[in-house]
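Remarks on the structure that follows.
Derivation of every value follows stated rules applied to the coordinates shown; laboratory data play no part. The shown structure was predicted, so the numbers you read here are calculated from the model rather than taken from an experiment. Here the Cβ positions follow ideal geometry from the backbone for every residue, glycine too, while neighbour counts run over all protein chains shown.
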Amino acid sequence: MTAKIIDGKLIAAKVRQEVKDKTAELLASKGVHPGLAAVLVGDNPASHTYVKMKRKACAEVGIESFGFDLPQDASQSQVESLVQELNARPDIHGILVQLPLPAHLDEEKVLAAVGLNKDVDGFHPLNAGRLAQKGREPDFVPATPAGVIRLLEETGVQFSGANAVVLGRSNIVGMPVAMLLVRNDCTVTICHSRTKNLPEVIRGADILVAAVGRAQMVKGDWIKPGAVVIDVGTNRINDSSAKDGSRLVGDVDFESAVEVAGAITPVPGGVGPMTIAMLLVNTLRAAEMSLKKG
Ligand code: NDP
């Protein structure tokens, strides 16, 4: 059997078009132009690239983006004051603080300073807490996990009662993905570096979400035939046949997994494009919410 390839680029393009149409409508009907502030502290090249990609995506759908760069040695109070200033600006509906922050900064405090109504990354502890509680609704859900769920929905997955395994327990991917799957009535197992008999646990998964950051770790014979596999991992490996001597791969060994899974996301072209698309969805939502809250 060869798995269906879940085309994240195509699905993300559809999501971006939806955002573009609704953004134009919001501007025309209410005069509100959604605005996103990107706070970047320091000189991490990958973070610079991500912020650039996010701002470009904003421009393409008619969302205004504002960049705020602080130096590597910015103090805690400098970063928090900037966030407070942005909280007060009516032209800014969403604030993203690009992670990771330099090690001397208290990430939790910075994220808690972001106004709940502008928390488009969904990393504010109150939104994260609500996501983990039954009967509570977060205002925003983190973009990558939201993108994972949208990919599963678009693939026509039967969530209710499915055994889902989430590989990884980070705050930005693993844990929120697991919470969202529980909310969708899956029976969820969360795996991490101390999990025993990992291949055996994974073999029980109807839905597998891999977010470990270990190149091609999950092998085809760990996967239940017909399972739906979402590979969040983004790892660069050497490849002498590639133009720059390297290429991106996921946490799943695609070549062997594609022979067993029912559906699978490629890397690149799977989860990656969805992350940015869902950030745009959240920014539009923040702008719409600003109207309701007067
Ligand atoms: P983290 O490093 O924060 O978390 C990795 C998780 O994997 C941890 O919970 C860790 O366990 C677990 N883990 C590590 N090694 C093993 C192992 N050998 N066996 C089992 N579990 C293991 O990573 P992130 O969640 O931030 O990111 C995961 C991957 O997703 C990365 O490749 C990252 O680049 C990618 N990513 C992609 C995005 C996209 O848009 N496509 C967005 C965000 C991330 P423990 O907790 O015990 O340490």
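Remarks
- Meets criteria (within 13 Å of the ligand (Cβ to nearest atom), surrounded by 23 or more Cβ atoms within 10 Å (Cβ to Cβ) and outside any helix (DSSP H, G or I)) for Val141: no
- Members of region 246-294 found to be in contact with a helix residue (DSSP H, G or I) (Cβ under 8 Å, 6 or more places away or on another chain), over 22 Å from Lys20 (Cβ atoms) and part of a helix (DSSP H, G or I), listed by number: Glu255, Ser256, Ala257
- Whenever a residue of region 135-156 is under 11 Å from Leu279 (Cβ atoms), its partners that are among the hydroxyl-bearing types (Ser, Thr, Tyr) and crowded, with 19+ Cβ neighbours inside 10 Å, lying with C-beta atoms within less than 8 angstrom and at least six residues away or across chains, give the pairs Ala143/Thr275; Thr144/Thr275; Gly147/Thr275.
- Test set (1) closer than 24 Å to Thr275 by Cβ; (2) touching a residue at least 24 places away in the same chain (Cβ under 8 Å); (3) more than 10 Å from the ligand (Cβ to nearest atom); (4) crowded, with 19+ Cβ neighbours inside 10 Å - Thr189 fails condition number: (4)
- Residue within region 164-175 that is at positive phi and out of contact with any helix residue (DSSP H, G or I) (no Cβ under 7 Å at 6 or more places or on another chain) present: no
- If you go through region 258-292 and pick out every residue that is more than 13 Å from the ligand (Cβ to nearest atom) and more than 28 Å from Lys118 (Cα to Cα), you end up with 7.
- Test result for Leu111, buried (at least 19 other Cβ atoms within 10 Å of the Cβ), touching a His at 6+ places or on another chain (Cβ under 8 Å) and not β-branched (Val, Ile, Thr): yes
- When we screen Val212, Val201 for residues that are touching a His at 6+ places or on another chain (Cβ under 9 Å), without any contact (Cβ under 8 Å) to a residue 60 or more places away in the chain and within 16 Å of the ligand (Cβ to nearest atom), the only hit is Val212.
- All positions within region 26-61 that are among the β-branched types (Val, Ile, Thr) and either in contact (Cβ under 8 Å) with a residue 60 or more places away in the chain or surrounded by fewer than 18 Cβ atoms within 10 Å (Cβ to Cβ) (or both): Val32, Val41, Thr49, Val61
- Residue in region 163-173 that is nearest to Gly204 (Cα to Cα), counting only those that are near the ligand (Cβ under 9 Å from one of its atoms) and surrounded by fewer than 23 Cβ atoms within 10 Å (Cβ to Cβ): Arg169
- Tally of residues being in a loop (DSSP other than H, G, I, E, B), under 14 Å from Pro199 (Cβ atoms) and touching a helix residue (DSSP H, G or I) at 6+ places or on another chain (Cβ under 7 Å) across region 217-238: 2
- Of all residues in region 217-237, at least one satisfies being of a type in the set (Val, Ile, Thr), away from the ligand (no atom under 16 Å from the Cβ) and in contact with an Asp or Glu (Cβ under 9 Å, 6 or more places away or on another chain).
- Thr195, sole failed condition from (1) in contact with a helix residue (DSSP H, G or I) (Cβ under 8 Å, 6 or more places away or on another chain); (2) touching a residue at least 12 places away in the same chain (Cβ under 8 Å): (2)
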